[in-house]
1. Listed residues B:L123, B:L37; which is aliphatic (A, V, I, L, M), within 13 Å of another protein chain (Cβ to nearest Cβ) and within 18 Å of the chain's Cα centre (by Cα)?
2. Hey, among the residues in segment B:107-153 that are under 19 Å from A:G112 (Cβ atoms) and among the small types (G, A, S), which one's surrounded by the fewest Cβ atoms within 10 Å (Cβ to Cβ)?
3. Could you tell me which of the residues B:L25, B:L53, B:L31, B:L15 is within 12 Å of chain A (Cβ to nearest Cβ), assigned to a helix (DSSP H, G or I) and under 15 Å from the mean Cα position of the chain (by Cα)?
4. Just the residues that are over 20 Å from the mean Cα position of the chain (by Cα) and closer than 19 Å to B:V137 by Cβ, please, taken from segment B:63-100.
5. List the pairs whose first member sits in segment B:55-68 and is in contact (Cβ under 8 Å) with a residue 60 or more places away in the chain and closer than 10 Å to B:S135 by Cα, whose second member is surrounded by fewer than 17 Cβ atoms within 10 Å (Cβ to Cβ) and not polar (S, T, N, Q), and whose Cβ atoms are under 8 Å apart, counting only residues at least 6 apart or on separate chains?
6. Quick one: which residue in B:I80, B:I90 is without any contact (Cβ under 8 Å) to a residue 60 or more places away in the chain, buried (at least 23 other Cβ atoms within 10 Å of the Cβ) and not small (G, A, S)?
7. Being touching a residue at least 24 places away in the same chain (Cβ under 8 Å), aliphatic (A, V, I, L, M) and more than 15 Å from B:L147 (Cβ to Cβ) is the filter here, so list the residues in segment B:105-121 that pass it.
8. If A:N107 satisfies every condition in (1) more than 21 Å from B:V118 (Cα to Cα); (2) in contact with a helix residue (DSSP H, G or I) (Cβ under 9 Å, 6 or more places away or on another chain); (3) modelled with pLDDT under 85 but one, which is the exception?
Amino acid sequence: MNIGKQFKEGLITNNPVLVQVLGTCSTMAITTSFFNGLGMGLSVLIILTLSNIIISAIRKIVPDKIRIAMFIVVIACFVTCVDLLLQAFIPDLSKALGVFLPLIVVNCIILGRAEAFCYKNGVVASTFDGIFQGLGYTAVLMVMSVFRELFGSGTFGAGVISPDGIRIIPEQFPAKLLTLPVGGFICLGFLIAIMQWALTKSKNKTEKEESK
Amino acid sequence: MSITSLLSISMGAILVNNFIFSQFLGCCPFLGVSKKLDTAVGMGIAVTFVMGLASAVTWIVNQFILVRFDLLYMQTVVFILVIAALVQFIEMFLQKSMPSLYTALGIYLPLITTNCAVLGVALLNIQNNYSFIESVVYGITGGLGFLLAIVLFAAVRERNVFADYPKCFDGFPIALITAGLMALSFMGFSGLSVWG
């Protein structure tokens, strides 16, 4: 299995959010501050990797008919663990993510990877797939949350660096709209558009080189 | 609990705190199954039905099993299993008794299990301390809000085909921006409290 190729797929060419368009609910809902984005991204990264390992390990003993139910039980167990750990050690994050933390269970990225990748591949490949797909998801969350926090409320790193973050844009200027649900839809729309533009451009370039 | 409180819950779930436009629950089917108006209507009705039923069943399970035996930490696992079983049961029931509806819904029926609006409504009912009737009303009206949103969105999206936009916005981006503008118009309902 080619690790470099998997890395590129997870982050760019087969990015879970921007190319496969999975897990959009949480992407749009919680990216109002860098703190939330980072916390959610890392939670999903950990859960995705662990569930990928378990699912690829048990894939041969699970009957085909009940595999989806098995996947969901495995994922739900890890989500519960992470949920309880965050409640105990980082209660602020747990409060900020709210209902979206238990909802990682139905995040299509995790179930999607289980069905599309882990059910057909070995443990090692699935582990790396989990890490890279999780990184791809985290990267998108970070870009969106930094953008929305900076231009929506004019601060950076609220909750991470200091309780209110560093104020970069004076209070009267930021477009408050970006922190509202509207901003989530429009930001993600533009991000996917940029991604499609870049992908078609690089595809055209390689086609040109090949035709030469 | 009175009629007015139930009405304010329903108003909130359908318009003010619409599941899609202000809470981002159920976005995946919302974006995936809204290319055609008739499938969108079918999906919306199926989701409404499952959400109402799931609210009732999860409330009972939570109250009489999880709370009584002090197993609240198992909430997520139990709820998702209950929902999965429920969807499977509805699928079998429809297949036997209403085959025409079953074929119309097709692949969307099993997909409802992974719709975050269904698990979301179950968790929100517990979080908001709703009584049994309030939970069921919240589930059904939340589903109606989803139906309203997906039908409006599908109708707009069908007309998007004739719009002139940059080529890289093809597919999801233009849909998301449409949804964003619809969310903006739904913001007009915030602060609406006729019966509150």
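1. Matching residue, one of B:L123, B:L37: B:L123.
2. B:G120
3. Just one listed residue meets the conditions, B:L31.
4. Result: B:Q63, single match.
5. Pairs found: B:A56/B:F132; B:W59/B:F132.
6. After ruling out the rest, the residue left standing is B:I80.
7. Passing the criteria: B:L109, B:L111, B:L119.
8. (1)
The values are calculated or read from the model by the stated rules, or taken from the named source; none is laboratory data. None of these values were measured; they are calculated from a predicted model. Because the Cβ atoms are built from the backbone with ideal geometry, glycine has one as well, and the counts that use them run over all protein chains shown.
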